[in-house]
Amino acid sequence: MARSRKRSAPCQAAMLGLTVLFGTFLLAVTSPSVAAAGPSLSILAPANDQVIGNGTPVILSFAVSNFVLVQPGRVGQVANAGEGHVDLYVDGAYSRLLIRVEPVSLPLGSGPHTIRLQLVQDNGTPLSPDVSASVRIVASHGPAAGTPTLTIVSPRPGPTIAHDVYFAVEVTNFTLVDSYGQSNAPNEGHVQLFLNAVLNQEPRAYDLGFIVDMPDGNNTVTARLVNNDNTPLSPDVSASVTIRIQGAADPIGSEQVTGGVSIILALILVVLLLRRRKAIGRLSPERPARP
């Protein structure tokens, strides 16, 4: 028994030594990684390729760790490698600097945009290595989701005697906007009107149209939704109505007709006055000559 105990003591010492050695090894392995943890920056919202609809601003949320955000240009400020601020870029152009981790509102025009954040030192120098984050979004005045629809609500199919006709359309899941060269965006654009398959009116941001001097007979009017660059939606969204124009179109303008009638009436009046004067002259007795 005594010999057995003597043998176990060296074993215990050896195990203790191995434990200490293993602990030292783990400390040596893990300590450099902890010491090497540097500044980090991440964008929490919006999600990449998210559609921001209804013309609302983009709400940007972000997180910063192992880095202190401070106001640059303070009196007596001393440069510190662990502090600075965040530079914000939109589509590659500088927008503003951020010194607080709080949501940022960004009103953006229609179309795709890239938002980028970058950590910089107090003097504006980027960190080395670079610490930045970016996200792509699409802004739209239309709804962020849903399938656009188009319906012609007026006129109804059938006969009419009018050659100048108003057209009214109803759209859903789509916003009509003026065309000023902006980028395409989901569920936003204009309406085109075609008369018998020929473009009759340029794209418009209104749900009413007016077509004049429509020819006699059957006429088919088609309304179509288009993007900001006037290209049709994919898949195509359009609606048609066929109306029958009865009676000949008036080839003479109303002002011309009114002027012509006035001239004719004036001539008739002159003729009547002349005839009346002649009639009075014949009926009047001749006066006797003076001696």
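The values are calculated or read from the model by the stated rules, or taken from the named source; none is laboratory data. The shown structure was predicted, so the numbers you read here are calculated from the model rather than taken from an experiment. Positions of Cβ are backbone-derived with ideal geometry, glycine not excepted, and every protein chain shown enters the neighbour counts. Protein only, heavy atoms only, side chains kept; ligands, DNA and RNA dropped before computing areas. Shrake-Rupley method; radii C 1.70, N 1.55, O 1.52, S 1.80 Å.
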Of the residues in the stretch 99-133, those that are open to solvent by 50 Å² or more (accessible area, probe 1.4 Å) and farther than 21 Å from GLY55 by Cβ come to ARG100, VAL101, GLU102, ARG116, GLN121, ASN123, THR125, PRO126, SER128, PRO129, ASP130
Inspect the stretch 83-102 for any residue being more than 30 Å from SER179 (Cβ to Cβ), more than 35 Å from the chain's Cα centre (by Cα) and not acidic (Asp, Glu) and give the result as yes or no.
yes
Please enumerate the residues belonging to the stretch 186-214 that are part of a loop (DSSP other than H, G, I, E, B) and either in contact (Cβ under 8 Å) with a residue 40 or more places away in the chain or open to solvent by less than 10 Å² (accessible area, probe 1.4 Å) (or both).
PRO186, ASN187, VAL212, ASP213, MET214
Only residues in the stretch 103-122 that are among the basic types (Lys, Arg) and at pLDDT 95 or above count as the first member; pair them with residues that are open to solvent by less than 10 Å² (accessible area, probe 1.4 Å) and outside any strand (DSSP E or B), Cβ under 6 angstrom, at least 6 apart or cross-chain, and list the lot.
none
Residues of the stretch 93-125 being hydroxyl-bearing (Ser, Thr, Tyr) and either closer than 16 Å to GLY38 by Cα or part of a strand (DSSP E or B) (or both), in sequence order, are TYR94, SER95, SER105, THR114
Applying the selection to the stretch 66-98, what residues are in contact with a strand residue (DSSP E or B) (Cβ under 9 Å, 6 or more places away or on another chain), more than 21 Å from ILE115 (Cα to Cα) and open to solvent by 70 Å² or more (accessible area, probe 1.4 Å)?
ASN66, VAL68, GLN71, ALA79, ASN80, ALA81
Go through the stretch 134-147 and give me each residue that's open to solvent by 20 Å² or more (accessible area, probe 1.4 Å) and not hydrophobic (A, V, I, L, M, F, W, C).
SER134, ARG136, HIS141, PRO143, GLY146, THR147
Scan the stretch 152-174 and tell me whether some residue there is open to solvent by less than 40 Å² (accessible area, probe 1.4 Å), over 30 Å from VAL51 (Cβ atoms) and under 28 Å from the mean Cα position of the chain (by Cα).
yes
